[in-house]
1. Step by step: first the residues of region 10-42, then only those that are more than 15 Å from GLU100 (Cβ to Cβ) and among the polar types (S, T, N, Q), then the one that is surrounded by the most Cβ atoms within 10 Å (Cβ to Cβ). Which residue is that?
2. Being in contact with a helix residue (DSSP H, G or I) (Cβ under 6 Å, 6 or more places away or on another chain) and surrounded by 22 or more Cβ atoms within 10 Å (Cβ to Cβ) narrows it down to one of LEU426, LEU453, so name that one.
3. State whether one or more residues within region 304-325 are at pLDDT below 95, buried (at least 22 other Cβ atoms within 10 Å of the Cβ) and hydrophobic (A, V, I, L, M, F, W, C).
4. Somewhere in region 341-352, is a residue crowded, with 24+ Cβ neighbours inside 10 Å, touching a Cys at 6+ places or on another chain (Cβ under 9 Å) and not basic (Lys, Arg)?
5. Check whether at least one residue in region 209-217 is assigned to a strand (DSSP E or B), under 25 Å from the mean Cα position of the chain (by Cα) and either closer than 29 Å to THR176 by Cα or at pLDDT below 95 (or both), and report yes or no.
6. Inside region 123-144, can you point out the residues that are surrounded by fewer than 22 Cβ atoms within 10 Å (Cβ to Cβ) and either hydroxyl-bearing (Ser, Thr, Tyr) or assigned to a loop (DSSP other than H, G, I, E, B) (or both)?
7. Scan (1) assigned by TED's automatic domain parsing to the domain that holds PHE135; (2) on the phi < 0 side of the Ramachandran plot; (3) not in a helix (DSSP H, G or I) for the single condition GLU323 breaks and write down its number.
8. Which condition number in (1) farther than 18 Å from LYS180 by Cα; (2) under 27 Å from the mean Cα position of the chain (by Cα); (3) free of Cβ contacts under 8 Å to residues at least 24 places away in the same chain is the one that PHE261 fails?
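The values are calculated or read from the model by the stated rules, or taken from the named source; none is laboratory data. What you are looking at is a predicted structure, and each value in this text was computed from that prediction instead of being measured. Please note: Cβ atoms are built from the backbone with ideal geometry, for glycine as well, and neighbour counts cover all protein chains shown.
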Amino acid sequence: MEWSEKTVVVIGTGISGIAATDLLVEVGASVILYDGNDKLNPEDIKAKLKSTKGVSVVLGEQLTKELRSNVSQVVISPGVPIDNPLVEELRREGKEILGEVELAYMLSEGQIAAITGTNGKTTTTALVGEILKSFYASAFVVGNIGIPYTRMATQIKKDSVVAAEISSFQLETVHTFRPKVSAILNITPDHLNRHYTMECYTDTKFEITAHQTKDEVCVLNYEDPILRKKADSVPAKVFYFSSMQPLEEGIYLDEEQNIIFAYEGKKEKVCHISELNLLGKHNYENVMAAVAIGYFMGVPMDHIQKVIKEFTAVEHRIEYVTEKNGVKYYNDSKGTNPDAAIQGIRAMITKTVLIGGGYDKGSEYDEWIEAFDGKVKLLVLLGQTADKIEECARRHGFNDIIKVDSLEEAVKVCAQNAEPGEAVLLSPACASWGMFDNYEQRGNMFKDMVRAL
């Protein structure tokens, strides 16, 4: 059946849902754009669309069985769980449940480098995007990094290449998605309020490899025990990166802190870490992953070397903001879980006043507190998790804690307590929801407040 003959339900009226609707309208489908929130204004939703041709907006309880009787497919936004009662009911009715990544893949061409993992996705995807752009005339950077894959799908042609950041939520709904190069950077506990168990979360991440063949490549972190254990289940050729030890075949950091690329019996020095603008071991891992991905996407090594030496930190990821009264301020709002926040702390080289706390995703904070390692001078807590983190910190013997009611108050407390030569780091170890729309808003507000000191 041609798309022009289909009626598709799109669930969710956020950025993802609007982009999916625009794409479906572009290919001629009729769309029922649905949101469970009946307080929304249909005209406001329609105003976000490029075209309303063939689109009806349905809210709350109005998505009746009669209305959806001729629907063949349902596209759900990443924020909608696959065990949502409505989604389960639609599945029982025989509707095909798609996510935005699957929809975009069905309606685009080109070769894809797809990156997932608990942490490092955004930096790695941005770097891969720059590597691809240095060599290919038609290169796109899409996905969880901020530009929906669906928004660019019809522009992605046969000669195009794509760097796509893919979240676990997006991988729940892929059926045919097949990247030329996939990468899983790491697996640590996250989103367990959505995936419930680590086993389910891990299996979902590995869906990025599910439709690859031995002619394609999967880049994995050799130092991640979960990834190494499941590597045998990957249908693609596995290529490892390691920040801890040399590899016979793979890319690794040697004892002199050189990045070495070993492949098909040859070893090549890519660069020394002193030539990079990124801080911290986790970023060296991101660079190694990006080098491998770029290489297997067909980019010559000299192009890759030039790009990685010029690349600077992604916004909101250990991003230097400014210096005030001898104190350096860093924005790590992208540190939305404990493991990501650990990397933020490790990147600091001076005594640090740390801002943490936010929405509770069911995480535990013991390893994060242990990573303070004498470096954190004061912990300033806000948000839903403040009490939970405080209790954990005191259990580990860390008692220099101040709780605040707002980010503005947190910045003022930090400015009062940080001394010249020290640092202030926003690295919350928690999601932003509840107090902010997203981590970008949280980070931007932090930067504005710091600059206004």
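1. Taking the candidates together, the pick is SER30.
2. Numbers: LEU453 fails: surrounded by 22 or more Cβ atoms within 10 Å (Cβ to Cβ).
LEU426 is the lone residue from the list that is in contact with a helix residue (DSSP H, G or I) (Cβ under 6 Å, 6 or more places away or on another chain) and surrounded by 22 or more Cβ atoms within 10 Å (Cβ to Cβ).
3. Yes, there is a match, as at least one residue in region 304-325 is at pLDDT below 95, buried (at least 22 other Cβ atoms within 10 Å of the Cβ) and hydrophobic (A, V, I, L, M, F, W, C).
4. Yes: one or more hits.
5. Initially, region 209-217 is screened for residues assigned to a strand (DSSP E or B), giving 217.
With the extra rule that they be under 25 Å from the mean Cα position of the chain (by Cα), the set shrinks to 217.
Narrowing further to those that are either closer than 29 Å to THR176 by Cα or at pLDDT below 95 (or both): 217.
Taking every residue of region 209-217 in turn, at least one turns out to be assigned to a strand (DSSP E or B), under 25 Å from the mean Cα position of the chain (by Cα) and either closer than 29 Å to THR176 by Cα or at pLDDT below 95 (or both).
6. Within region 123-144, SER134, PHE135, TYR136, ALA137, SER138 meet the criteria.
7. Failing condition for GLU323: (1).
8. Every condition holds for PHE261 apart from (3).
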